[in-house]
1. At 7 Å along the Cα-to-beta-carbon direction for both Phe242 and Val187, put a label point, then send me their distance in nm to one decimal.
2. Across segment 194-311, what fraction of all alpha-carbon pairs, as a whole percent, falls in each successive 5 Å bin from zero upward?
3. Assuming 0.36 nm per residue, please report the length gained on full extension of the stretch Tyr286 to Leu100 beyond their Cα-Cα distance.
4. What do you reckon, how do Ser172, Ser39 stack up by accessible area (1.4 Å probe), largest on top?
5. Which order do you get for Phe310, Phe42 if you rank them by accessible area with a 1.4 Å probe, largest at the top?
6. Hey, if we sort Tyr202, Tyr228, Tyr286 by accessible area with the 1.4 Å probe, largest down, what's the order?
7. Relative to the present Cα-Cα distance, how much length would full extension add between Val269 and Ile108 at 0.36 nm per residue of separation?
8. Amide H of Cys192: which non-local residues (sequence gap of 5 or more, or other chain) have their own amide H closer than 5 Å, using H built in the peptide plane?
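The values are calculated or read from the model by the stated rules, or taken from the named source; none is laboratory data. Remember, predicted model here, so these are calculated numbers, not experimental data. Positions of Cβ are generated from backbone atoms using ideal geometry, with glycine treated the same way; all protein chains shown enter the neighbour counts. With ligands, DNA and RNA removed, areas are computed over all heavy atoms of the protein, side chains included. Shrake-Rupley method; radii C 1.70, N 1.55, O 1.52, S 1.80 Å.
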Amino acid sequence: MADPTIQTFCCHNRIRSPPAIKLMAEFDTDGYIVVCLISSIFGIGGAIYQIWIRHEDGPTHHAVRRRRGGELTLSSQNLGRQIIVWLAVADLCASLGVFLRSALWKYIKDVLPPDSDVDDTTNVIFCAVSSAWIQYFYMCTWLWTLCYAINVRRQLSGARYALRTYHYYVWSISALLTGIGLTVLYVPDADCHNVHDMTTAYMRILPNYVMTYGPMIAVMVANPILYYQASREVDRQLLARFSQMSNTERDLMTKFKVKFSLINLVFYVCWLPNLVNGIVLWTMWYSLPFSMVLTVWYIMAITNPLQAFFNSLVYQKWNCRWRLRRQPSSDSSAEIRRRNRTSMVCNEGTPLLQAKTESPSASNLHLNQPSVDLNPKPTRSINSCTLV
C-alpha cells in the first residue's frame with residue numbers, strides 16, 4: 001500500500017515509541033504480507049490486461065496520428081486511450097513494487113530496521129527505496145486519473161492538451177512531491193522516530209503526509225466536478241442537436257453518468273481508507289485504537305493494489321451505436337447511409353461522444369455536427385450502449 005506511515009517505519013528504530021513498535025510488529029505479520037501479495041497479483045493482472053491484452057475495435061485500435069500545423073499529434077479518439085494506457089503503466093509499476101516488497105518481507109524477515117542499536121543501514125535503504133517507488137507510481141496514477149477527467153471535459157468543449165503535456169505534469173509533479181516529502185523525512189540521518197515534541201514531529205513527519213495526501217484529495221475533489229460538468233455539457237449538446245430530450249437521450253445520459261460514477265467510486269474505494277488512516281494516526285497517536293487502525297491497514301492492503309484491477313473494469317470502451325433512420329431522399333447514397341449508421345460510436349478514448357476524425361481541427365464533436373442533413377427529422381434509437 002502507499003501510505004506515509006510505512007515510510008516512517010523505514011527510519012532507524014533507536015527510540016522505543018510504544019505505539020510505533022506495536023504497529024510495526026503487526027505490519028510485519030505473515031497475514032498482512034499475504035494479503036498484499038494476493039491483491040498486488042490482481043493489480044498486476046488488471047494492468048497487464050489494460051496495456052497488452054485488451055483489443056480495440058474500429059479506428060482507435062491503432063495510434064492514429066495526423067498533421068496539424070506541421071506537427072504530428074494523436075487523434076482525439078486515441079488520446080483518451082493513451083491516457084488510460086499510461087495510467088495502467090503506473091499502476092503496473094506500483095503493484096509490482098508492492099509485490100516485490102511483500103515477497104521479500106515474507107522470505108527475509110529482517111527487512112524492517114530492527115528494534116536495536118545495531119547497524120541497520122541496509123534495512124533502512126531498502127525499506128525507504130521500495131516505499132518511495134510505490135508512493136511515486138501511485139501518485140502518478142492519481143494524476144493520470146485526473147488527466148483523464150480533464151481530457152473528457154476539454155474534449156467536449158472542443159479543446160484538448162497534447163499527450164506530452166500530460167506526461168510533463170504527471171511525472172514531474174509526482175517526482176517533485178515525493179522527493180520533497182521523503183527528503184524532509186529521511187535527511188540527514190533517517191532518524192525520524194527521534195522526535196521529542198510536536199513541533200519536531202510537524203517539521204519532520206507531517207510534510208510527507210501533506211505531499212502524499214494533497215494530490216489524492218485534489219483528485220477526489222476535482223474529478224466529480226469535472227465529470228459533472230461533462231455530463232451537463234453532453235446534456236446541452238444532445239438538446240441542441242435534437243431540440244428535445246426524449247427517452248433515448250435520457251437513457252444515454254444515464255449510461256454516461258453511471259460510467260462517470262463508477263470511475264469516481266473506484267477511486268474513493270481504493271484511497272479513502274488511506275485518508276481515514278492518516279486522520280486517525282495524527283489525532284489519536286497517544287491513545288490509538290489499534291484494532292481500528294489495523295483493520296484500516298488490511299483494507300488498504302486490499303484496495304490500493306486492486307486499483308489497477310478495478311480500473312480495467314470501469315475504463316472499458318463504450319460500445320454505443322446510434323442508428324439514425326430517415327425517409328428515402330433523392331440524394332441518398334450508399335456512402336451517406338454508411339456514414340449515417342456509424343456517425344455515433346463511443347469508446348473510452350472519447351468517453352462521451354466520438355470526435356470527428358475527418359476534420360484536422362477536431363474542435364467540434366459529431367453531436368454538434370450531424371454527418372448528413374437529415375430531412376425529415378430522423379427517428380432515433382440506440383442499438384447498444386453498454387460497458388463491455
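1. Going by the 7 Å Cα→Cβ label model, 5.9 nm.
2. Taking all Cα pairs of segment 194-311, the binned fractions are 2, 9, 14, 15, 14, 11, 9, 8, 6, 5, 3, 2, 1, 0 percent.
3. Values: separation 186, 0.36 × 186 = 66.96 nm, distance 3.25 nm.
Contour length minus Cα-Cα distance gives 63.7 nm.
4. Working: Ser172 60, Ser39 5 Å².
These residues rank, largest area first, as Ser172, Ser39.
5. Working: Phe310 60, Phe42 110 Å².
Most to least solvent-accessible, the answer reads Phe42, Phe310.
6. Tyr286, Tyr228, Tyr202
7. Details: separation 161, 0.36 × 161 = 57.96 nm, distance 3.14 nm.
Between Val269 and Ile108, full extension yields an extra 54.8 nm.
8. His12
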